[in-house]
Amino acid sequence: MSYTDEVITLAHGGGGRLYHQLVEEVFLPIFDNAYLRQLNDSALCPSLGTALAMTTDSYVVQPRFFPGGDIGRLAVCGTVNDLTMSGAKPAYLSVGMILEAGLPIAELRRICESMAAAAKEAGVSLVTGDTKVVEKGKGDGIYINTAGIGLFPEGKKACPQKIQAGDSILVSGTIGDHGLCILAARERLEFDPPLRSDAAPLHDLAAAVQKAVPDIHAMRDPTRGGVASVANEWCGNGLSIEIAEEALPLSASVSAVAGILGLDPLYVANEGKFMLAVSESDTEAALRALRSHPLGENAAVIGRVVEDGRGLAYVRTPYGSQRLLDLPYAEQLPRIC
Amino acid sequence: MFKSNAALWAEYRDKSRIKLLCQQIAEEYSGPMRIMEVCGTHTMSIYHYGIRSLLPEGLQLISGPGCPVCVTDEKTVSAALALAKIPNIIFTTYGDMLRVPAGNTSLQRLRDEGADIRILLSPLDALELAEQHPERQIVFFAVGFETTAPLTAATLCRAKEKALQNFSVLCAHKTMPQALRSLLPGSAVDALLCPGHVAAVTGEAFFSFVPQDLKRSAAIAGFEPVDILEAVLAVVRMHAQGGAGLLNCYPRAVRPEGNPLAMKMMEQVFVPCDAVWRGLGEIADSGLAIGAAYREFDAAERFKAEIAAADCYRDNPACRCGFVLRGECTPEECPLFGNACTPDHPCGACMVSGEGACAAAYKYRRI
């Protein structure tokens, strides 16, 4: 086996023999679907017969592999979830990869296989793609961009403007798992029980709750910036978001690790959870629908919308004090002691 | 491997225990009292759990000089920046030093501009870097009190065993007693909450100078709400009785003798030195310098010329961090607080660290 069979080289991005070999031996067999096999500059896909939702996101995570997922799984789930949260049903994804010379092809293959598996879970096709190679030292192994198109059926659309006083705030499961897992993997910290990323496509769970509660007031996945960030987006106009600290679903590991590193799980990223605002009367139905799905078994009502004229996001502690849940600033850095 | 055990925490965040302690404090509280929490981790916990709002009016908790990031002076930060800029150096430090401003720059800014600056959770990781990169110089910027100093000492011992040629430490460690001795006489502070993690290393008796020499009550406290309230209750009780004493309210972590191995290692590696504290000025014998036996690993010696040539950055003159660190001014009383100075654009060190009094006051500003 030659060097060029083992690692990505600049020649793989050159459009020549090695590029075609990469397409034929890695991308096509792994992502396999009829649209991709056309091998045109654009994939021609059948009309979906509805309005379309379109989104794009780029993924630069380090380390590339972590417990519960890898950059490939994230790149599919993240874009699928962006479509899902806007109320669309994900259908087609494009994949753009920027590879750093020196990346082992076996690693690229693993990442692609993980993307294909996540796409299958999410019921989407990876219909078109592009690859560029940058010199060694100018990238972080691999960067992935995915863009997605989804069906946007007519009907009631969730948007934060529909949030009302008295609404319940729910979260579909434990929080903080992804961000702390990445931090621990990056710092090579081991915990027992281990931290695991929650990266997962949310289309099915969201569909289940949408079916049970047609009038969802707002829906959002708390990725970067965590639950705190979404709570800050949802408050305003005299409506405050009150989060009940004791109601937050936390895994034992997240609770302990956040304590050790001095981080607040409310600010930590999730990749397989979403938050909902529903009317008080829809709360039980929404919670039941979430909990009857495997991805939602730890779902909980974590707060409510309060009309107090302040328009803040805050946390109420079980012993009666309150604290502001400010917008997160900069990156969360582990504390000194 | 860290074992996660949520039950360990639950007991010290227990709602009914917290309520009971607040009730007891209210009953035994006998009039206006100012309690200084020396340590930044306490400051953060107090804000995080909203503890001030649970205490009787007149019982004030004020933040002291115990945030190691905040008290690192401009000259030392300037030296760090000068070293971090040198292309052959991999500059390593703890996460919250990154955003400390100096002039219009910071380690974070230098890192964005391409300097090789890495966040470590333990200085021992810097030794690994030194072995992986024999062609480069690895500098660890060491800050902190008796909590982090033993780790630096252990790292230096191991560096010497391994005879590493390309590892050095820029040492800005400080110790608490001399700062408190300089700060407390004449101040309106009635009692202290002493940092439990410092005492876990030094032992209980380390803080006995507070009642004996400074005539203030002190309680060694842990960091969960129950821990902090138990310590508040202890000093309120001592205050009401009119005496000054020291009580260990964190016995599950603090043994009377502390951690003799860690203390021995510090004594072996460090010697006391005069140190400049941001906001407090120079305090005799309040710092730790690398002793003669380990001087070959002292970055201040190895890079003497580069540090001497460095620009010294100055704080914004309107910044009142110094007064805040002395407990003479609340963060909100500083004219820059929340205006020119926010966590996104910190002017002074107290706004930078997650444990800084200003950052905590801003993040959890009153609602």
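Out of region A:183-197, which residues are open to solvent by less than 20 Å² (accessible area, probe 1.4 Å), assigned to a loop (DSSP other than H, G, I, E, B) and not polar (S, T, N, Q)?
Listed by number, the list holds a single entry, A:195.
Name the single residue that is farthest from residue B:167 (Cα to Cα) among those in region B:284-298 being assigned to a strand (DSSP E or B) and open to solvent by 10 Å² or more (accessible area, probe 1.4 Å). That would be B:284. For residues that are surrounded by fewer than 17 Cβ atoms within 10 Å (Cβ to Cβ) and part of a helix (DSSP H, G or I), scanning just region B:325-367, find the one that is nearest to the other protein chains (Cβ to nearest Cβ). Residue satisfying both the conditions and the ranking: B:332.
Here's a check for you: in region B:132-145, which residue that is away from chain A (no Cβ under 14 Å) and crowded, with 23+ Cβ neighbours inside 10 Å is farthest from residue B:275 (Cα to Cα)? Even if it seems obvious, please write down each step before you answer.
Initially, region B:132-145 is screened for residues away from chain A (no Cβ under 14 Å), giving B:133-139.
Filter once more, so that each one left must be crowded, with 23+ Cβ neighbours inside 10 Å: B:138-139.
Working: B:138: 24, B:139: 20 Å.
Looking at residues that are away from chain A (no Cβ under 14 Å) and crowded, with 23+ Cβ neighbours inside 10 Å, I get B:138.
For residue B:87, are the conditions met, namely being open to solvent by 40 Å² or more (accessible area, probe 1.4 Å) and within 28 Å of residue B:165 (Cα to Cα)? It is true that residue B:87 is open to solvent by 40 Å² or more (accessible area, probe 1.4 Å) and within 28 Å of residue B:165 (Cα to Cα).
The residue list A:63, A:46 contains one member that is without any contact (Cβ under 8 Å) to a residue 12 or more places away in the chain and not charged (D, E, K, R), which is A:46. Among the residues of region A:144-182, those identified as of a type in the set (A, V, I, L, M, F, W, C), at pLDDT below 95 and surrounded by fewer than 23 Cβ atoms within 10 Å (Cβ to Cβ) are A:151, A:152, A:158, A:159.
Total residues in region A:245-299 satisfying the condition of being within 13 Å of chain B (Cβ to nearest Cβ), under 11 Å from residue A:177 (Cα atoms) and β-branched (Val, Ile, Thr): the figure is 2. Screening residue A:271 against (1) more than 20 Å from the chain's Cα centre (by Cα); (2) closer than 25 Å to residue A:204 by Cβ leaves a single unmet condition, (1). Within region B:49-71, the set of residues being within 10 Å of chain A (Cβ to nearest Cβ), open to solvent by 10 Å² or more (accessible area, probe 1.4 Å) and closer than 26 Å to residue B:179 by Cα comprises just one member, B:52.
Of all the numbered requirements in (1) of a type in the set (D, E, K, R); (2) under 21 Å from the mean Cα position of the chain (by Cα); (3) surrounded by fewer than 19 Cβ atoms within 10 Å (Cβ to Cβ); (4) part of a loop (DSSP other than H, G, I, E, B), residue B:75 misses one, and that requirement is (4).
For region B:1-15, does any single residue satisfy the condition of being surrounded by fewer than 23 Cβ atoms within 10 Å (Cβ to Cβ) and away from every other protein chain (no Cβ under 14 Å)?
First, pick out the residues of region B:1-15 that are surrounded by fewer than 23 Cβ atoms within 10 Å (Cβ to Cβ): B:1-15.
Subset that is away from every other protein chain (no Cβ under 14 Å): none.
No, that holds for no residue.
Restricting attention to region A:2-27 and to residues that are of a type in the set (A, V, I, L, M, F, W, C) and out of contact with any helix residue (DSSP H, G or I) (no Cβ under 7 Å at 6 or more places or on another chain), the residue that is least open to solvent (accessible area, probe 1.4 Å) turns out to be A:23.
Yes/no per residue for (1) of a type outside the set (Asp, Glu); (2) part of a strand (DSSP E or B):
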position	(1), (2)
A:113	no, no
A:116	yes, no
A:128	yes, yes
A:132	yes, yes
A:137	yes, no
A:148	yes, yes
A:154	no, no
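Going by the structure shown, is residue A:231 among the aliphatic types (A, V, I, L, M) and closer than 30 Å to residue A:192 by Cα? The answer is no for residue A:231. Tallying residues that are within 14 Å of chain B (Cβ to nearest Cβ) and out of contact with any Lys or Arg (no Cβ under 7 Å at 6 or more places or on another chain) within region A:183-214 yields 13.
Residue by residue, here is whether (1) within 14 Å of another protein chain (Cβ to nearest Cβ); (2) assigned to a helix (DSSP H, G or I); (3) not aromatic (Phe, Trp, Tyr) holds:
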| site | (1), (2), (3) |
| --- | --- |
| B:172 | yes, no, yes |
| B:179 | no, yes, yes |
| B:182 | no, yes, yes |
| B:185 | no, no, yes |
| B:194 | no, no, yes |
| B:198 | yes, yes, yes |
| B:201 | yes, yes, yes |
| B:206 | no, yes, no |
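Can you go through A:220, A:224 and tell me which one is under 18 Å from the mean Cα position of the chain (by Cα), under 21 Å from residue A:296 (Cβ atoms) and open to solvent by 20 Å² or more (accessible area, probe 1.4 Å)? Spell out the reasoning first.
On the way: A:224 fails: under 21 Å from residue A:296 (Cβ atoms).
After applying the criteria, what remains is A:220.
Residues in region B:108-131: is at least one touching a residue at least 40 places away in the same chain (Cβ under 8 Å) and open to solvent by 10 Å² or more (accessible area, probe 1.4 Å)? The answer is no, given that none of the residues of region B:108-131 is touching a residue at least 40 places away in the same chain (Cβ under 8 Å) and open to solvent by 10 Å² or more (accessible area, probe 1.4 Å).
The values are calculated or read from the model by the stated rules, or taken from the named source; none is laboratory data. Because the structure is a prediction, the values reported are computed rather than measured. Please note: Cβ atoms are built from the backbone with ideal geometry, for glycine as well, and neighbour counts cover all protein chains shown. Accessible surface areas use protein heavy atoms only, side chains included; no ligands, DNA or RNA. Shrake-Rupley method; radii C 1.70, N 1.55, O 1.52, S 1.80 Å.
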